[in-house]
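Take a look at the structure set out below.
The values are calculated or read from the model by the stated rules, or taken from the named source; none is laboratory data. This is a predicted model, so every value here is computed, not measured. With ligands, DNA and RNA removed, areas are computed over all heavy atoms of the protein, side chains included. Shrake-Rupley method; radii C 1.70, N 1.55, O 1.52, S 1.80 Å.
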Amino acid sequence: MSDSMVNQNIEKYAETVLRIGLNLQHGQKLIIEAPIQSATFVRTVTSYAYELGASYVHHEWSDDELTLINHKQAPYTSLGYYPEWKANGLEKYANENAAVLFIQAPNPELLTDVSVERSTRYANERSAIRRPYLEHTHLNKISWVIVNVPSDSWSTKCFPELPVDEGKAKLWDIIFQAARIDSIDPITNWKNHLNSLKKTTEQLNALHIQKLVYLGPGTDLTMELPEKHQWLYGSRMNRRGIPFVSNMPTEEVFTIPKKEGINGIVASTRPLNFNGSIIEDFSLTFKEGKVVQFTAGKGKEVLNSILHTDEGARFLGEVALVPHHSLISNMNLTFYNTLFDENASCHLALGQSFPNNLVGGENMSDQELQLNGANKSLIHIDFMIGSSALNIDAQLVDGSTIPLFRHGDWSEKFLAYNQLKSSN
């Protein structure tokens, strides 16, 4: 792809992120949290945001090298320190309905040489201070979206056989494909894609599923769903009734598992990059919803630290379905990046539930959410369990069973069942 074509696609990427991802409104403020290596893309987004009528664009910059220095050299007592004045300022922007764009240019192995104790403290302390601000995104009070751009380290991890520049160019091409902007009309492309995902959630909600039963290599898991659960997809609604798309790309449909209704074992099928540390070949054993045993071929200490974040870290907060034969999965690439890997695979998430996955959940108190099966935690960490060998059955409230997935994809019986429902 020529440089001019890349620049054209970057401009279309910026437009699509603002129009579809954030659905930025005239007069709205915009917060951009981004690494300094994404500066060129940030400038493009900022310029286009003002063209769309943004009243102000605020930038929060980060730098991998400084992050690593802080992890290694800062006094232990100050690890994860985040100025309250800054957290309060971001919360004030959120209270004023600012939209938030999170840009990632990941380094999958940034913290490989940092002790788990230090990296865990850094992540937990920072998350706790920023929580009032980030709850505006967790609860979908405001529009927000996460997107990725290439970095040298990420490109090298994905394509170790290529020179860095060639690897970055290839990764840009993949991002353009995954974000559905490598077309004449990305906006229409996205609207059609979201309509397809919406139809799938409507079909799943019409089933009234009581339990999901997973069976695959290393996986034998039964999962209850709360009575008030609802399946959602990438398009969400903020408190002002404005639709937005929180992840670009997005291929998933997802809901909430019943906190204490999960039993059995589940095995990972893709590596998990957690804050610059890789966890691979791991399994989790659940009893009454709680992880009671775990294994890992790599990164066991990091996984242990995740599970000890707080009480809710050992319970699940999300279950998501993604066909094995889908846009990103068909690229046959391990991304070492959750945003991409989770949209190539069925996945689960340890930690915080999304209240919106319960009917009326956005208006429930913490106690009401808990009574309805939701989990609460400082973390929400997706991990991948999908493959071409995964089968999933849905046990319905009427006592019948329907195969949802066979060999990693939607089953013919599920598709036929919904066609029959639609015709009636």
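At a probe radius of 1.4 angstrom, the accessible area of the chain per residue rounds to 44 square angstrom.
Assuming a ≥ b ≥ c are the square roots of the Cα gyration tensor eigenvalues, decide whether the stretch 283-331 counts as rounded (a/c under 1.5), prolate (otherwise, with a/b larger than b/c) or oblate. Here the stretch 283-331 falls in the prolate category.
Overall form of the stretch 1-87: oblate. Here a/c, set by the Cα gyration tensor axes a ≥ b ≥ c, is 1.5 or more, and a/b is not larger than b/c. Applied to the stretch 129-140, the Karplus parametrisation 6.51 cos²θ - 1.76 cosθ + 1.60 on θ = phi - 60° returns per-residue 3J(HN,Hα) values of 6, 8, 4, x, 5, 6, 4, 5, 7, 4, 9, 6 Hz, with x for Gly and Pro. Our compactness index for the stretch 148-192, the C-alpha radius of gyration over the empirical 2.2 N^0.38 Å, is 1.33.
In the set (i) 0.94; (ii) 1.10; (iii) 0.97, the label that goes with Rg/Rh (Cα atoms, Kirkwood Rh) computed for this structure is (i). Rounded, prolate or oblate: which fits the stretch 211-306 when a ≥ b ≥ c are the square roots of the eigenvalues of the alpha-carbon gyration tensor, with rounded for a/c under 1.5 and prolate only if a/b beats b/c? Taking the square roots of the gyration eigenvalues as a ≥ b ≥ c, the stretch 211-306 is oblate.
Amide H contacts for I379 (H built 1.01 Å from N in the peptide plane; partners 5 or more residues away or on another chain; cut-off under 5 Å): Q352. Computed from backbone phi with θ = phi - 60° and the Karplus coefficients 6.51, -1.76 and 1.60, the 3J(HN,Hα) list for the stretch 80-97 is x, 4, 9, x, 4, 5, 6, 4, 5, x, 5, 5, 5, 4, 4, 5, 8, 6 Hz; x is used for glycine and proline. Here the chain carries DSSP beta bridges of which approximately 75% are antiparallel, counting only pairs with both residues inside.
Karplus-derived 3J(HN,Hα) values for the stretch 301-307, using 6.51 cos²θ - 1.76 cosθ + 1.60 with θ = phi - 60°, are 5, 5, 4, 4, 5, 4, 5 Hz; glycine and proline are entered as x. Put simply, the amide H of S62, placed in the peptide plane, has neighbours under 5 Å in A34, I36, leaving out anything fewer than 5 places away on its chain. Each part reduced to its alpha carbon centroid, the stretch 40-96 and the stretch 380-405 end up 38 Å apart.
Given a cut-off of 20 Å, name the pairs among K258/K376; K259/K300; K298/K376; K258/K300; K92/K376 whose C-alpha atoms lie farther apart than that in the structure shown.
Details: K258/K376 12 Å; K259/K300 24 Å; K298/K376 27 Å; K258/K300 26 Å; K92/K376 24 Å.
As for pairs spanning more than 20 Å Cα to Cα, those are K259/K300; K298/K376; K258/K300; K92/K376.
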